[in-house]
Each structure stands twice: as C-alpha cells, then as structure tokens.
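Below is one structure, written out as structure tokens; the observations come after it.
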C-alpha cells in the first residue's frame, strides 16, 4: 500500500512544479537512462510512446506485454484471453488479459489490465505519459506484483522519456485514511482526469486526479 500511495503522490505533486525553471520536472527525474522516443510526423502518438517504452523495459510483465504488442502491430492472431484497445485519436491504449479464457482448465477469476495515455503540458515543452497496471479477481480489485500508477515526463526538445523520481516524494496525508484496501486507477480515454478508487472491505470510495495543465490536483 505504501508503494501505491507513493506512486499516487508522484502525480499529485506535479501540480506544484509549474513555477520551476525551464524543465519543471528536472528535480524529480531518476538517475537512470532515459528512453528515446522515435516517431514520424510532428509529434509522437500513443503508439509511438508505447512501442519505444516497451522496447526499454525488461521485467517479466513488460517482456510479455512487449511480445503481445509486437504481435498486435504485425496484425497476428492474438493469444487467447488477450485484447488490445487502441484509440490513437484520444491517445489511449489498454491491454486486457482474461486468465479464465487463456487457461480454461484452471479457472481463477483473474483479469489483469494495463492502460497508457499521455497529456500535453501547457508549457508546450513537455508531455506526461502514464502507465496504470491493475488486477481483479472475481470482479474485485486485488494487489498484483506490478500494480500501480507510474508517471513519466517527456521532453519535446530532447525526445526523451524518463520516470518521475518516487524516492524524493513524501506521502500524502489525505490518503492515510484510505489504506484499508487496494488503491486502483482508471486513465482517461476521453477527458483528462484520472479516476481514483479506494477499495475497502465494505465499499469503493471514488476520488479524482484533476489535470491542471502541468500536473494534477487531488479532488477529495
């Protein structure tokens, strides 16, 4: 839960970065190599972002997702249980995996999903790229190994993508009361705000991260 709260803070605190100098995200970048985003035309599309992003990730989840994405781009027949939703116009991609369809002899009720989208910042120099990973079992949110909301900054001038540094961000007090269950998210396919769901034993509390042109404000 602490990791999920920290990931949420990355998005929340971006709203306070607009007053910083040329690169408002400069002091929040990790000391890790950035990803170069290659594209044709005037600016990268969501397909360009995802293709370059997956080419640089090496963990088990992204390795499998990269293979599925490459297969989708080649227009191959998808694996059982796999569905891609690609909305280039609105800058949104969603990957769904239904394990009961993929493995009918061993039903588990598990479904996993990964969402991607991006926002154009008001400064005209940056974009924010988000990855949202989640899992449900029998229709209820559960905690998976890779689950969470991950925010990246993209520099239009250098054409590089880099992750917001989680280690330099504190906790948000407003979320301490909502630690009874998984915190899950829904990225916008239309609109610009991120939906936040605090899943308790008795109910689901819905909140919102409202886009402000340079980051997000947490709506209680």
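The values are calculated or read from the model by the stated rules, or taken from the named source; none is laboratory data. Keep in mind it's a predicted model, so treat the numbers as computed, not measured. Note that each Cβ is placed from the backbone with ideal geometry, even for glycine, and that neighbours are counted across all protein chains shown.
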Check on residue 76, in a strand (DSSP E or B) and without any contact (Cβ under 8 Å) to a residue 24 or more places away in the chain: no
The residue that is surrounded by the fewest Cβ atoms within 10 Å (Cβ to Cβ), considering only those in the stretch 46-73 that are touching a residue at least 40 places away in the same chain (Cβ under 8 Å) and part of a helix (DSSP H, G or I), is 61
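Here is a yes/no grid of residues against (1) modelled with pLDDT of 95 or more; (2) touching a strand residue (DSSP E or B) at 6+ places or on another chain (Cβ under 8 Å); (3) within 29 Å of residue 199 (Cα to Cα):
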| residue | (1), (2), (3) |
| --- | --- |
| 1 | no, yes, yes |
| 10 | no, yes, yes |
| 16 | no, no, yes |
| 22 | no, no, no |
| 29 | no, yes, no |
| 40 | no, no, no |
Single condition residue 108 does not satisfy, out of (1) without any contact (Cβ under 8 Å) to a residue 12 or more places away in the chain; (2) exposed (fewer than 13 other Cβ atoms within 10 Å of the Cβ): (1)
Among the numbered conditions (1) over 17 Å from residue 46 (Cα atoms); (2) out of contact with any helix residue (DSSP H, G or I) (no Cβ under 7 Å at 6 or more places or on another chain), tell me where residue 130 comes up short. (1)
Restricted to the stretch 188-220 and to residues being in contact with a helix residue (DSSP H, G or I) (Cβ under 6 Å, 6 or more places away or on another chain) and not in a strand (DSSP E or B), the residue nearest to residue 153 (Cα to Cα) is 215
Looking at 100, 122, which is the one that is farther than 15 Å from residue 46 by Cβ, touching a residue at least 60 places away in the same chain (Cβ under 8 Å) and not in a strand (DSSP E or B)? 122
For the stretch 125-160, how many residues are closer than 15 Å to residue 97 by Cα and free of Cβ contacts under 8 Å to residues at least 40 places away in the same chain? 6
